[in-house]
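Everything on this sheet refers to the single structure shown next.
The values are calculated or read from the model by the stated rules, or taken from the named source; none is laboratory data. Everything quoted here is computed from the prediction, not taken from an experiment. Heads up, the Cβs are rebuilt from the backbone with ideal geometry, glycines too, and the neighbour counts pull from every protein chain shown.
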Amino acid sequence: MIPRGTISPFLDNLSKSMHDESLIITEADYVGRCLDSVEPGDLVCTLLGCAMPMILPRVRFHHILIADVHLESVIHGKHMTAFKEGGKTLQDFELH
């Protein structure tokens, strides 16, 4: 529980530290932060070989890579563990 009267200073400090970033909530209810240029509907993916999840907006028939996203509950290999246990699947993407 957050002590009464501390949420406003917390949010003030958080917004000062984020610069050109925004807080996001994914469809899977992960909370994180990423660049302001992210739009609703952009994919959040864990790409093989990448330490952080990436943002992949769709442009016509392909995707582009615009930035990583900091999702505390996804970093440190959580998605790869789920993949190995059969909870996630691989998907091919055409990146430009």
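Cβ contacts < 6 Å: first residue on the phi < 0 side of the Ramachandran plot, restricted to segment 20-38; second residue among the basic types (K, R) and at pLDDT 80 or above, any location; separation 6+ or different chain. Result?
Hits for this filter: E21/R33; L23/R33.
Out of segment 17-69, which residues are acidic (D, E), outside any strand (DSSP E or B) and surrounded by 14 or more Cβ atoms within 10 Å (Cβ to Cβ)?
Selection gives D42 alone.
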